[in-house]
Structure formats: structure tokens, C-alpha cells
Amino acid sequence: MQVCESLLKEHEQIEEILNDLTNVMETITTPETLSTEKIAHLKTLSKAIEKHFKIHFACEEQGLFPVLSHYHPMDLMELEHETLISLKEGFDNFLHNDNLSSTYISSLCESAKTLTKEILDHVGRENVGIFPMAERDLSEAEKQYVVSKMDSIRKQADSLPAPQVPERHFQVAQFDLDTPPEKNVAIDAILSGEHFLVKEVTLRPNQSLGTHFTKEPAALICLEGEGFFLSDNNKIPLQKGSIVTLDRRLLHSVEAKTLCRFGLLKWVSPATVN
């Protein structure tokens, strides 16, 4: 079974669309050469590219890549998808711009050229790299699963959402290393997200966190002071800069020799962020 046969055919289809796009753009050199008919043609080609992205990317990201990622990382290819989506959105913005200056024509042509080049480069990398790996490394059962999954996706093509670049965010916070602790043991949440939780743990001298465990993997970073990490009959000295990684459900305790401040990083599921 050739798992990537349908994807290769879709690559041939997008290459034909891009060839048409290139031919049209070569006729546009001045504002006078950008007719209403050509703008309509370009918009039609843009819609065809979007349709290709919608189906082809879904087949790869929901069908092929999750299975192939067991053998090879696919993050770069998905990031390339996002780059192509952004470039296509930029091209669309030019198509809906009423400014017909020479600068606009130059920018439109450059946008189309960049979009075409990046799509063809991506197609080439998949044709000579990703797809041969899939044919070589996936088992017959895995190939059958991927083909079935992609067939199901294509049957639902009309209901697939338009491809979009997901929003990504960052947060900034500060550990408080100056304020004297009010309690012998203090645990305060600093940051939380969908898959992580950051807490500040403060222990006064000669205080301790009794034996306990975390539900998820964690890392304990000593920000200040000296103390000990205890687990499985081991007593590990801690000082500023010490890092301890913890498997989930590892029984452990922490003792402070001096005033100790720790950063606790936990990788959690959404249901356990608290």
C-alpha cells in the first residue's frame, strides 16, 4: 500500500494552480495591466489554494503526521504549514486592496512570488523527504489507518474549517526573593497555563515539607538558601542553583537548613491546574 499516493496527487494539483498563478502574474507589470478580470482570476486561484490547504493540511496533520511522528518529529512541517497560511493571507490582503499604484503592483507580485516559492519548496521537501520516510517506516497497519483517516477527512471537506495560524501567548512573572516569609511554609501559585503550573515554595530555617508526591512530573529549582531533598533513603544537599526533577508519584520531602525559596514547575493536564 502506498500511504502517500493521494497526497502526491494533491501536490500535482497545487503545482498546476501555482503554474496558473505564475502565468497570470507575469502579465501584470503596471497598474494598467491589472484588469478587473485578472483580479477575479487571482481571487479564484487564491480560493483554490485555500481549498488545497484546508484538505491537504488536515490530511497530513490529522492523518499522516501523528503516526509518522512516532518515528520522526513533524513539528517543522506543521510550522511550515502555518508559514504558508500566513503568506497566503498576506496575498489575499493585496487582492482586496483598492490601491493600484506602482508600489502596490510591485508588492502584489512579490507576495505571489514568495507564496509560490515557499509552497513549491514545501512540496519538494515532502516529496523527497517526508513521504519516502512514511512509505519506508510505517507498518501496513499504520498505513491502512492513515489512508482510512485521510479518506474520512476528504469526505468531510465541505465542513472543514478554513486553515488558520493558532494564536500563541507568553506570560511573564517574578519570584519574590526579597519579602520575608510570613509563614514557616508558604506555597504560592506564580503562573499557570493549559499544561503547566509554576509555584513559589518558601521554607523558613529548619522547616520542612513532609513526605508527599506530585500527580504529574515536576522540577524543583532552588532559588535561595541551603537544604535537603529526601527520597527513597537518599538525602541530597540543595543550594542556590540546584535542580531536582521528579517523576509523577515519587514520594519525597524537602528540608530547609537556612531560609529556602524554590521554584516548582509542574507539567499538568488541564483538569489538574490548581
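All of the numbers you see were taken from the coordinates with simple rules; none came from a lab. Keep in mind it's a predicted model, so treat the numbers as computed, not measured. Cβ coordinates were reconstructed from backbone atoms using ideal geometry, including for glycine residues, and neighbour counts include every protein chain displayed.
Enter the mean projected area of the convex hull around the alpha-carbon atoms of the stretch 5-159, in nm², rounded to one decimal.
Answer in nm², one decimal: 9.2.
By count of other Cβ within 10 Å, fewest leading, how are C222, C260, C109 ordered?
In order of increasing Cβ crowding within 10 Å: C109, C222, C260.
Would you please report the Å³ per residue occupied by the convex hull of the alpha carbon atoms in the chain?
Spelled out: Cα convex hull of the chain, divided by residues, is 198 Å³.
With 25 Å as the cut-off, how large is the P(r) tail for the stretch 158-274, expressed as percent of Cα-Cα pairs? The partial results should precede the final answer.
Values: 1984 of 6786 pairs.
Cα-Cα pairs of the stretch 158-274 separated by over 25 Å account for 29 percent.
How would you order 49-61, 245-257 from highest to lowest mean count of nearby Cβ atoms within 10 Å?
My ranking of the peptides, most packed first, is 49-61, 245-257.
So between E110 and K9, what do we pick up on full extension, going 0.36 nm a residue minus the alpha carbon distance?
Extra length from E110 to K9 when fully extended: 33.6 nm.
Along the charge dipole of the chain, pointing to its positive end and built from +1/-1 on Cβ of Lys, Arg, Asp and Glu, which listed residue (T22, I221, S192) has its Cα farthest out?
I221
Packing-wise, with mean Cβ within 10 Å as the measure, how do 223-230, 38-45 rank, highest first?
Final packing ranking: 223-230, 38-45.
Give me the percent relative contact order of the stretch 185-272, please, defined on Cα pairs under 8 angstrom at least 6 residues apart. Could the numbers behind the result be given before it?
Numbers: 235 pairs, mean separation 35.6, N = 88.
Reported relative contact order: 40 percent.
Using per-residue counts of other Cβ atoms within 10 Å, averaged over each peptide, order 163-172, 73-82 from highest down.
The packing order, highest mean first, is 73-82, 163-172.
Report, in debye and to the nearest 20, how large the dipole of the chain comes out about its Cα centre when Lys and Arg carry +1 and Asp and Glu carry -1 on their Cβ.
With only Lys, Arg, Asp and Glu charged at Cβ, the dipole is about 1120 debye.
Per residue, how big is the convex hull around the C-alpha atoms of the stretch 93-173? Give it to me in cubic angstrom, could you? Let's see the in-between values first.
Values: hull volume 17.9 nm³, N = 81.
Taking only Cα atoms, the stretch 93-173 has a hull volume of 221 Å³ per residue.
Ratio of alpha-carbon Rg to the 2.2 N^0.38 Å globular estimate for the stretch 33-92, to two decimals, please.
Output field value: 1.45.
Size of the dipole of the stretch 185-272 about the Cα centre, Lys and Arg at +1 and Asp and Glu at -1 on the beta carbon, nothing else charged, in debye to 20?
100 debye
Could you give the length gained by full extension between D178 and M133, i.e. 0.36 nm per residue of separation minus their alpha carbon distance, to one decimal place? Intermediate results must be reported in sequence, preceding the final value.
On the way: separation 45, 0.36 × 45 = 16.20 nm, distance 5.43 nm.
The span from D178 to M133 would gain 10.8 nm if fully extended.
Taking the Cα centre of the stretch 5-159 as the origin and placing charges on Cβ (Lys, Arg +1; Asp, Glu -1), which of V123, T36, V67 is farthest toward the positive end of the dipole?
The Cα lying farthest towards the positive end belongs to T36.
So if I place +1 on the C-beta of Lys and Arg and -1 on the C-beta of Asp and Glu, and nothing else carries charge, what would the dipole magnitude of the stretch 5-159 be about its Cα centre? I want it in debye, nearest 20.
Rounded to the nearest 20 debye, it is 240 debye.
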